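Written out below as C-alpha cells is the structure these notes cover.
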C-alpha cells in the first residue's frame with residue numbers, strides 16, 4: 001500500500017538541496033518559513049504536496065519552479081543551478097488568471113507569443129492543445145462567457161501548450177464545485193496515463209487528502225513552524241482507484257495521522273524519506289494559536305459526544321461537508337486546550353471537553369478561561385501583565401513586538417486577533433480597539449483562574 005521511494009541522480013529533473021526560506025528581522029532573529037529541506041522531482045511521477053495551512057506548500061512550489069529564490073540552499077535543474085539555465089516548467093494556479101480582454105485562443109497563445117514563436121506555428125499548437133483538453137469550438141469565446149470549469153481548462157491548456165517538462169499545479173481544483181473538480185481530475189489523469197501530453201512530471205499542491213491519494217504516485221506531507229517534510233512515500237495503487245477500498249482508506253487514514261500528530265511519527269512511517277533538519281523546539285516560545293472560535297470548538301465537542309466521544313477526523317469532515325483545512329484548526333484548538341486528544345487519526349473527547357460541551361454558557365466561560373490561562377502562554381502573559389500594572393491596561397504593541405520575533409507580520413496580526421477573540425470570550429480582558437490597549441475587566445473569576453494555575 002505504502003512504499004518508500006527510491007531515486008537516482010541520473011533521472012532527477014529538479015533537486016532541492018537544503019533549501020530554506022526565512023525572513024530577517026530588525027533584531028538578530030529571523031522568521032523561518034521553510035526549514036532546510038531536500039526534495040527531488042523525477043520523471044514518470046505525479047507528486048502531491050499536502051500540509052496544514054501555513055506549512056509553506058506554495059512557498060516550496062515557488063522555489064522549486066524558479067518563481068522564488070531560496071534564502072539558503074539551492075535548486076538544481078538537471079544538475080545545474082536553476083538560475084543559470086533555461087528551465088521548462090509551467091504553473092496552473094488556483095485562480096484562473098486569464099486575460100479577460102483576450103479570447104480563449106489568444107490566452108493559450110500568450111506564452112508562445114512571449115517566446116517569439118511565429119503566428120502560424122503558435123496557432124496550430126494552441127488549437128491542438130485546445131482540442132486535447134476539450135475546448136475545441138470555444139477558441140473565439142472570452143473568459144466571461146465560460147463556466148469556472150471551462151476557464152480552468154483554458155488555464156490547463158495555456159500551461160500545457162509550452163510542452164513543459166514539469167507541470168506545477170497550486171490548488172488547481174479548489175475554486176471549482178465538487179462535480180466539476182472531479183471531472184477535471186479524471187481528465188487530467190487520462191491525459192497523463194495515455195501520454196497525450198509531453199509532460200514528464202506533475203507536482204500538485206493540494207489540501208484535499210482524497211485528491212492526493214486519487215492522483216498521486218508519491219505523496220509528501222509537510223509539518224509547519226517551520227515547514228518541513230514529515231513523510232514522503234510512494235503510492236502503488238493501480239488506477240482507477242476506489243475511494244472505498246481498504247488500501248485507499250488506509251493511506252488516507254495514515255496521512256490524517258501524520259497531519260494530526262505534529263509531534264509524533266506514526267508507527268508505520270516509511271523508513272526512507274527525504275531528510276530535513278529537525279527544528280529546535282527551544283526556539284518555539286509561543287504556541288501557534290489555531291484560528292478557531294470558541295463556538296466552533298464547542299460545536300465540535302458536541303458532535304463528538306453524539307459519536308460516543310470519539311470520531312475519525314476524516315469521516316467527520318466528510319459528514320460535515322467540510323474541507324479538512326476548515327476542520328483542522330478547530331481540532332487543533334480543542335487539542336491545545338486539552339478538550340480532546342488525537343489518537344490514531346481519531347479525535348477523542350477528554351473529561352474536561354465533555355464537561356465544557358455539556359455546561360451552561362457561564363460555566364463554559366469559566367472552563368474556557370481556566371484552560372486558556374493554563375495552556376496558552378500569550379493569554380497568560382496578557383492577563384498577568386494586566387493584574388500587575390497599576391492602571392490595569394497594557395498596549396497591544398508590547399505583545400505584538402514579542403510575537404513579531406517568531407511569526408511573520410501577517411501571522412502576528414492573526415495570532416493577536418485570535419488571542420483577543422479567546423480572551424474576550426473567556427472574560428480574561430477587554431480590548432479597547434480605538435486605543436489598541438488591553439483592559440482588565442471587573443470580573444472576580446479572572447483573578448481566581450490565575451490563582452488556580454499558580455497553585
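What follows draws every value from the coordinates through simple rules; no lab data is involved. These figures come from a predicted structure and were not determined experimentally. Virtual Cβ from ideal backbone geometry, glycine too; neighbours counted across all protein chains shown.
Some notes on this structure:
- Packing-based order for 125-137, 214-226, 384-396, using average beta carbon neighbours within 10 Å, highest first: 214-226, 125-137, 384-396
- Equivalent-ellipsoid semi-axes of the stretch 111-167, from the Cα gyration tensor, Å, largest first: 19, 13, 10
- Rounded to the nearest 5, the antiparallel percentage of DSSP beta bridges internal to the chain is 65%.
- Label-to-label distance, nm, for residues given as residue 307 and residue 144 (7 Å Cα→Cβ offset): 4.6 nm
- q = 0.10 Å⁻¹, the chain: log10 I(q)/I(0) [Debye, one scatterer per Cα]: -0.83
- Per-pair calculated FRET efficiency, R0 = 30 Å: residue 71 and residue 424 via Cβ, rounded to 0.05: 0.20
- Mean Cβ neighbour count within 10 Å, used as a protection proxy, ranking 50-61, 372-383, 107-118 highest first: 50-61, 372-383, 107-118
- Compared with the dominant Cα axis of the chain, that is its longest principal axis, helix 178-193 is turned about 50°.
- Fraction of alpha-carbon pairs over 20 Å apart in the stretch 289-358 - percent: 14 percent
- Separation in nanometres of the label points that stand 7 Å from Cα toward Cβ, at residue 11 and residue 86: 2.8 nm
- Per-residue Cβ neighbour rank within 10 angstrom, fewest leading, 362, 98, 340: 362, 98, 340
- Mean separation of Cα contacts under 8 Å (6+ apart) over length of the stretch 289-358, as relative contact order %: 41 percent
- The value for the stretch 358-450 of Rg(Cα) / (2.2 N^0.38 Å) is 1.06.
- Backbone N within the stretch 203-226 under 16 Å of label point (7 Å from residue 186 Cα along the Cβ vector): 211, 214-215
- The stretch 2-260 pair-distance distribution - Cα-Cα, 10 Å bins, rounded %: 7, 29, 35, 22, 7, 1
- Segment residue 30-residue 400, extension gain: residue separation times 0.36 nm, minus the distance between their alpha carbons: 131.7 nm
- Relative contact order (percent, whole number), the chain, Cα cutoff 8 Å, 6+ residue spacing: 16 percent
- Rounded to 10°, Cα long-axis angle of helix 119-132 versus longest principal axis of the chain: 60 degrees
- Principal-axis tilt of helix 361-375 within the chain, Cα atoms, nearest 10 degrees: 80 degrees
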